[in-house]
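> Have a look at this one before I ask anything.
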Amino acid sequence: MLELGLRRLARPATSRRLALALLGALALSVTGTASMLQAADPKLRVVATLPDLFILTRAVAGDLATVDLIARFGQNPHDMEVRPSQILMVRRADVLVRNGLEEDAWIDVMVHGAANPRMLRGSPSVVEASQGIEVLKVLTGRVDRSIGDVHPLGSPHYTLDPDNVALVTANIVAGLTRAAPEQARVLEANRQGFLEKVAEADRRWKSALAPFRGAGIVSYHDSWPYFYRAFGLVEAGVIEDRPGIPPSPQHLANLIRSMREQKVKVILHESWYPSDVTSRVAKETGAKMVVVAQSPGALKGTEDYIAHLDHLVSAIAAALK
């Protein structure tokens, strides 16, 4: 009886030791699983400032990185408001892809707020996508706010020329490779595959616009010099006489007279600007106002580079007919 009683008293202690052992094993298992998950998810965190850079970065990064976008699809980059969620993106980022030419200078404010030194200008983790581009419309002489929201370093809309995509994606691949050297070959393979698709599409675009080579086009905002050059079109005027400032009556009168003389058929109007002035100019001249998105993703179905250019080229070719 005494021996049986001692055995019963010992059982709870044995059970407690067994339970503690099981809990310890479970904790080690959870820790090990977490470590394995962390090791299995080595993706870079990349932030792109503008939609065109976002889609080009995704094209070359593939599954090797998560890519976030600062500016929303269809948002005028000149109207950017800094939000806490954007600062958090920059704080967590490993690589920043920026447009340069002061088109996205607001990113510096977010970098300052994020306190992430890797995102500072000049850091190896920052990709200046415009590096090596032949920049058009570089201003000379005195430049200040009295002449509007100008780009003194030149036009920043260089991705509208498909020939520039090779340079832009090379800059992006170089930046991602600095952050993840072991992925260099895959990144470059992704880039080459994407460039082949762009080259094939570019032949289609040039063929569609070839009958209209030399045609004059007016735009609301001076967004299109690279596009004109790429497809043999001619800038016949800009409705804004100073960027970001409503045009004066004298400027509009001169533009309307010039458009009539040149028999301009098309006015490109970016979707994020009010259309009342453009509509009036179109009515006075008989030109067709074509509302287009200057950047990808503003219209459903244009969330990649080729689809975006497909839409632009087809809309402009149809209007020129």
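The values are calculated or read from the model by the stated rules, or taken from the named source; none is laboratory data. What you are looking at is a predicted structure, and each value in this text was computed from that prediction instead of being measured. Heads up, the Cβs are rebuilt from the backbone with ideal geometry, glycines too, and the neighbour counts pull from every protein chain shown. The accessibility values were calculated without ligands, DNA or RNA, using every heavy atom of the protein model including side chains. Shrake-Rupley method; radii C 1.70, N 1.55, O 1.52, S 1.80 Å.
> Output yes when any residue across region 273-294 is in contact with a Leu (Cβ under 7 Å, 6 or more places away or on another chain), touching a residue at least 40 places away in the same chain (Cβ under 8 Å) and open to solvent by 10 Å² or more (accessible area, probe 1.4 Å), and no when none is. Steps first, answer last, please.
Within region 273-294, the subset in contact with a Leu (Cβ under 7 Å, 6 or more places away or on another chain) is 281, 290, 292-293.
Right, trim to touching a residue at least 40 places away in the same chain (Cβ under 8 Å) and you get 281, 293.
Next, from what is left, pick out any that are open to solvent by 10 Å² or more (accessible area, probe 1.4 Å): none.
So far as region 273-294 goes, no, none of its residues is in contact with a Leu (Cβ under 7 Å, 6 or more places away or on another chain), touching a residue at least 40 places away in the same chain (Cβ under 8 Å) and open to solvent by 10 Å² or more (accessible area, probe 1.4 Å).
> Give just the number: which of (1) without any contact (Cβ under 8 Å) to a residue 60 or more places away in the chain; (2) in a strand (DSSP E or B) does GLU200 not satisfy?
Looking at each condition in turn, GLU200 falls short on (2).
> If you check ALA201, ALA230, which single one turns out to be surrounded by fewer than 18 Cβ atoms within 10 Å (Cβ to Cβ) and of a type in the set (A, V, I, L, M, F, W, C)? Steps first, answer last, please.
Numbers: ALA230 fails: surrounded by fewer than 18 Cβ atoms within 10 Å (Cβ to Cβ).
Residue meeting the stated conditions: ALA201.
> Got at least one residue in region 50-58 being assigned to a helix (DSSP H, G or I) and among the charged types (D, E, K, R)?
Residues of region 50-58 assigned to a helix (DSSP H, G or I): 51-58.
Next, only the ones that are among the charged types (D, E, K, R) stay: 52, 58.
For region 50-58, residues assigned to a helix (DSSP H, G or I) and among the charged types (D, E, K, R): present.
> Within region 44-61, take every residue that is open to solvent by 10 Å² or more (accessible area, probe 1.4 Å), touching a strand residue (DSSP E or B) at 6+ places or on another chain (Cβ under 8 Å) and not hydrophobic (A, V, I, L, M, F, W, C) and give me the one that is nearest to VAL111 (Cα to Cα).
Selected residue: ARG45.
> Could I ask something else about it? Does ALA184 satisfy the criteria of being free of Cβ contacts under 8 Å to residues at least 12 places away in the same chain, touching a helix residue (DSSP H, G or I) at 6+ places or on another chain (Cβ under 6 Å) and open to solvent by 30 Å² or more (accessible area, probe 1.4 Å)? Can you show your working first?
Details: free of Cβ contacts under 8 Å to residues at least 12 places away in the same chain: yes; touching a helix residue (DSSP H, G or I) at 6+ places or on another chain (Cβ under 6 Å): yes; open to solvent by 30 Å² or more (accessible area, probe 1.4 Å): yes.
The answer is yes for ALA184.
> Quick check on LEU37: is it farther than 23 Å from GLY244 by Cβ, at pLDDT 90 or above and hydrophobic (A, V, I, L, M, F, W, C)?
Working: farther than 23 Å from GLY244 by Cβ: yes; at pLDDT 90 or above: no; hydrophobic (A, V, I, L, M, F, W, C): yes.
No: the conditions fail for LEU37.
> Name every residue in region 250-272 that is charged (D, E, K, R) and surrounded by fewer than 13 Cβ atoms within 10 Å (Cβ to Cβ), in order of residue number. Reasoning before the result, please.
Let us first name the residues in region 250-272 that are charged (D, E, K, R), namely 257, 260-261, 263, 265, 270.
Within region 250-272, ARG257, GLU261, LYS263 meet the criteria.
> Kindly indicate the residue of region 78-101 that is touching an Asp or Glu at 6+ places or on another chain (Cβ under 9 Å) and over 18 Å from ARG121 (Cα atoms) and also surrounded by the fewest Cβ atoms within 10 Å (Cβ to Cβ) among those meeting that condition.
So the residue we want is HIS78.
> Scan ALA170, ALA210 and give me the residue that is buried (at least 16 other Cβ atoms within 10 Å of the Cβ) and not acidic (Asp, Glu). Working first, answer last.
Values: ALA210 fails: buried (at least 16 other Cβ atoms within 10 Å of the Cβ).
So the residue among ALA170, ALA210 that is buried (at least 16 other Cβ atoms within 10 Å of the Cβ) and not acidic (Asp, Glu) is ALA170.
> Looking only at region 102-144, which residues are open to solvent by 60 Å² or more (accessible area, probe 1.4 Å) and either touching a strand residue (DSSP E or B) at 6+ places or on another chain (Cβ under 6 Å) or outside any loop (DSSP other than H, G, I, E, B) (or both)?
Answer for region 102-144, where residues must be open to solvent by 60 Å² or more (accessible area, probe 1.4 Å) and either touching a strand residue (DSSP E or B) at 6+ places or on another chain (Cβ under 6 Å) or outside any loop (DSSP other than H, G, I, E, B) (or both): VAL109, HIS112, PRO117, ARG118.
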